[in-house]
1. Looking at segment 179-196, can you tell me whether even one residue there is in contact with a helix residue (DSSP H, G or I) (Cβ under 9 Å, 6 or more places away or on another chain) and on the phi > 0 side of the Ramachandran plot?
2. From the list Ser117, Ser43, Ser48, Ser144, exactly one residue is under 27 Å from Thr170 (Cβ atoms), open to solvent by 70 Å² or more (accessible area, probe 1.4 Å) and at pLDDT below 95. Which is it?
3. Taking the conditions exactly as written (within 30 Å of Leu24 (Cα to Cα) and in contact (Cβ under 8 Å) with a residue 12 or more places away in the chain), does Ala126 satisfy them or not?
4. Only one of Val91, Val65 is surrounded by 13 or more Cβ atoms within 10 Å (Cβ to Cβ), at pLDDT 95 or above and among the β-branched types (Val, Ile, Thr); which?
5. Among (1) open to solvent by less than 70 Å² (accessible area, probe 1.4 Å); (2) part of a helix (DSSP H, G or I); (3) free of Cβ contacts under 8 Å to residues at least 40 places away in the same chain, where does Ala154 come up short?
6. With (1) of a type outside the set (Lys, Arg); (2) out of contact with any strand residue (DSSP E or B) (no Cβ under 8 Å at 6 or more places or on another chain); (3) open to solvent by less than 40 Å² (accessible area, probe 1.4 Å); (4) part of a loop (DSSP other than H, G, I, E, B) as the list, and His138 as the residue in question, which single condition is left unmet?
7. Scan segment 183-199 and give yes if some residue there is within 23 Å of Ser3 (Cα to Cα), of a type in the set (D, E, K, R) and in contact (Cβ under 8 Å) with a residue 60 or more places away in the chain, otherwise no.
8. In segment 4-33, which residue that is modelled with pLDDT of 90 or more and small (Gly, Ala, Ser) is most open to solvent (accessible area, probe 1.4 Å)?
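The values are calculated or read from the model by the stated rules, or taken from the named source; none is laboratory data. For clarity, every value in this text was computed on a predicted model and none was experimentally measured. Cβ placement follows ideal geometry from the backbone for every residue including glycine, while neighbour counts extend to all protein chains displayed. Each accessible area value is taken on the protein alone, full model and side chains, heavy atoms only, with ligands, DNA and RNA left out. Shrake-Rupley method; radii C 1.70, N 1.55, O 1.52, S 1.80 Å.
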Amino acid sequence: MVSIVQAVGLTKQVLSGDLPLIILHDVTFAVEAGESLAIVGASGSGKSTLLGLLAGLDVPSSGSVSLTGTELFSLDEDGRARLRGELAGFVFQSFQLLPALNALENVMLPLELRGASDARQRAADALQLVGLNDRAHHLPKHLSGGEQQRVALARAFVTKPKILFADEPTGNLDAATGSQIIELMLELNRAQGTTLILVTHDEALAKRCSKQLRLSAGNVI
């Protein structure tokens, strides 16, 4: 069976002045469909770099990443973007909502980019799932941090992605709100059978995932 995400020998090296700086070194692992993987480690250990490589947002110095059997870096940038559009959803620490669009329009956006004719209804249903149907017409600036992250979750899940990449999804939230977002994200994940790959400092959240990958100075430990 083909793993939904497979990384082999991933290395990322950049120049720091004239000297090479290794951010990731020879990272190899696989994630099966429906699993949840927490990437954990201290600040600067390479967690977000690894997530960016897995999503094809960055290119490794060496190694490969396959999503559902397609080797990411055999594709050009447009090809990687198309594959992401077909397979992946994203949740970021900073929410990444478009400020000029209301909550409903932000959730509609990925559907409209795919040409979905029922984007408005599907977005409204997604907002209802995250408990925000009464805030659908509010701009992000009129929503709390927790509400903005719930809009971001609705937007990530509305396309029913096979893989959800999340980078510190509770990093900008207080503990109580963060806990609510964790529960909601894991609940949506289970309901849709999505594969979840997330970067987190939160050990409690990491323990809720079926697998953990711990990084130290760019190495898997």
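1. Checked against the condition, which is being in contact with a helix residue (DSSP H, G or I) (Cβ under 9 Å, 6 or more places away or on another chain) and on the phi > 0 side of the Ramachandran plot, segment 179-196 yields no hits at all.
2. Residue meeting the stated conditions: Ser43.
3. No.
4. Of the residues listed, the single one that is surrounded by 13 or more Cβ atoms within 10 Å (Cβ to Cβ), at pLDDT 95 or above and among the β-branched types (Val, Ile, Thr) is Val65.
5. (3)
6. It fails just one condition, (3).
7. Within segment 183-199, not a single residue is within 23 Å of Ser3 (Cα to Cα), of a type in the set (D, E, K, R) and in contact (Cβ under 8 Å) with a residue 60 or more places away in the chain.
8. Ala33
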